[in-house]
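Readers should treat all values here as calculations from the given coordinates under stated rules, not as data from a laboratory. All of these numbers come straight from a predicted model, not from anything done at the bench. Reconstructed Cβ throughout: ideal geometry from the backbone, glycine too, with neighbour counts over all protein chains shown.
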Amino acid sequence: MTAPASKDTRPAEFVLDRADAVPALIGRFDDFLIVAGLAGTARELKAHTDGAPNLFALAGVMGAAVTMGLGLALAQPERRVLVATGDGELLMNIGSLATVALMAPANLSILCVDNGHYGETGYQLSHSSRGVDLAEMAAGAGIPATAVVQSTADYETGRRLLRAGNGPTFVLLRVKPTDPPSGKFSLDAVAARIAFRSALLGSR
Amino acid sequence: MSTSPPRTADPRYTLDRCEIVPKLIGKHEDFLFVTGLAGTSKDIAALTKDGDHIFTMAGTMGAAVAAGLGLALAQPDKRVMVVTGDGELLMNVGALATVAVLNPPNLSILCVDNGHYGETGYQRTHTSQVTDLEKMAAGAGIKSTCTVASEGDIAKGARMLREGNATSFVLLRVKPEDPPKFKRNLNAAECRVRFRKSLLGHT
């Protein structure tokens, strides 16, 4: 039952600390409706937004964050929608990027926090530290604006892209395989849905 | 029972699949084939006269690449070719990432991209609008990729499909026209038994 000891085999480009880089790229969280993917991004966004109701965390629904964010962006064209997902979560349903490119909502940005590992299950190496370039796949899918952020010098580009008004945009943030900021949050999916909907629409 | 939307003429999609697929593949007996949905199944069944070295996955949308990957890993001494379509591949395009990581040298993927869902009435797919599947394959990490969109590209594509040092991916752009008319065996169990028997000598 021991996970492979892969934490030290990461390629050199995975050096940023997600605890610093994610808030640096997103900036003011209140400017977005946020859909977060599995435990990693769900936990850190929950910690950063401190329970604010503009976050819908999809803990457990591996692969669904991008399509959920796409639907939200199409339904709420006046709001800026941010999907925060991980490399493993995104790889589970990477074809959804092609549909994002096709529908092309201007108000949608995707931030993929890529630690090159399946953090939730014991830090097994994921495809993205073995040759898969998710930003290139996103560009191939047809997303017109993509960027890779792997040093602090890239922050400005990444930040700008997440707020560009002519999206969709895709930012790949490469980080060390360390745990996200931890915060306890409710795993009650129904309560999370109601809280998000009520805050957004004023009713259930 | 909706009527088919008109197929738009697109200057990027000019080749004729009935002519170019056989040219790219050359001697088909050199390969074990796994084919995707109806279009490519018909291409390869017509080419091989429904030979017993083809496994056609009619109906299992998205499974051709993964099935071909498994076959290539299990049969390292045979050359395996997956022949899939743009719609079928888009259904499970993440499989290319696993192909790239495992990188079996005896596997080639030929994607016959007509930019349309041919089987359901020629609705446009992502590829004739925004998506470049060769670029996605390269992004997935497949080192040998190319696009065949004109006669001049055929020699390169044919060579790549037979390269022996890494998995290769060839995107063939063709006009949105029907594949060869060929009646093949649609009994999945029989096809499986036939393929296994021919390959392994038993079922």
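For A:A192, the conditions (1) free of Cβ contacts under 8 Å to residues at least 24 places away in the same chain; (2) outside any loop (DSSP other than H, G, I, E, B) are fulfilled apart from (1). Residues in region B:189-203 that are surrounded by 10 or more Cβ atoms within 10 Å (Cβ to Cβ) and within 22 Å of the chain's Cα centre (by Cα): B:E190, B:C191, B:R192, B:V193, B:R194, B:F195, B:R196, B:S198, B:L199.
Does region A:171-204 hold any residues that are among the basic types (K, R) and surrounded by fewer than 14 Cβ atoms within 10 Å (Cβ to Cβ), and which are they? Those that are among the basic types (K, R) and surrounded by fewer than 14 Cβ atoms within 10 Å (Cβ to Cβ): A:K184, A:R193, A:R204. Candidates in region A:148-158 are the residues that are more than 14 Å from chain B (Cβ to nearest Cβ) and aliphatic (A, V, I, L, M); of these, the one that is nearest to A:A42 (Cα to Cα) is A:V149.
Given the structure, is A:A164 more than 12 Å from chain B (Cβ to nearest Cβ), of a type in the set (A, V, I, L, M, F, W, C) and either crowded, with 24+ Cβ neighbours inside 10 Å or within 17 Å of the chain's Cα centre (by Cα) (or both)? Lay out the reasoning, then the answer.
Values: more than 12 Å from chain B (Cβ to nearest Cβ): yes; of a type in the set (A, V, I, L, M, F, W, C): yes; either crowded, with 24+ Cβ neighbours inside 10 Å or within 17 Å of the chain's Cα centre (by Cα) (or both): yes.
Spelling it out, A:A164 is indeed more than 12 Å from chain B (Cβ to nearest Cβ), of a type in the set (A, V, I, L, M, F, W, C) and either crowded, with 24+ Cβ neighbours inside 10 Å or within 17 Å of the chain's Cα centre (by Cα) (or both).
Filtered by the rule that a residue be of a type in the set (S, T, N, Q) and under 14 Å from A:G69 (Cβ atoms), region A:87-119 gives A:N93, A:S96, A:T99, A:N107, A:S109.
Would you confirm whether or not region A:6-16 contains a residue that is among the small types (G, A, S) and either in contact (Cβ under 8 Å) with a residue 60 or more places away in the chain or crowded, with 21+ Cβ neighbours inside 10 Å (or both)? Within region A:6-16, one or more residues are among the small types (G, A, S) and either in contact (Cβ under 8 Å) with a residue 60 or more places away in the chain or crowded, with 21+ Cβ neighbours inside 10 Å (or both).
Among the residues making up region B:111-138, a single one is more than 9 Å from chain A (Cβ to nearest Cβ), of a type in the set (S, T, Y), part of a helix (DSSP H, G or I) and buried (at least 19 other Cβ atoms within 10 Å of the Cβ): B:S128.
Scan region B:157-203 for residues that are without any contact (Cβ under 8 Å) to a residue 24 or more places away in the chain and either part of a loop (DSSP other than H, G, I, E, B) or touching a Cys at 6+ places or on another chain (Cβ under 6 Å) (or both) and report the count. Final tally of qualifying residues: 5.
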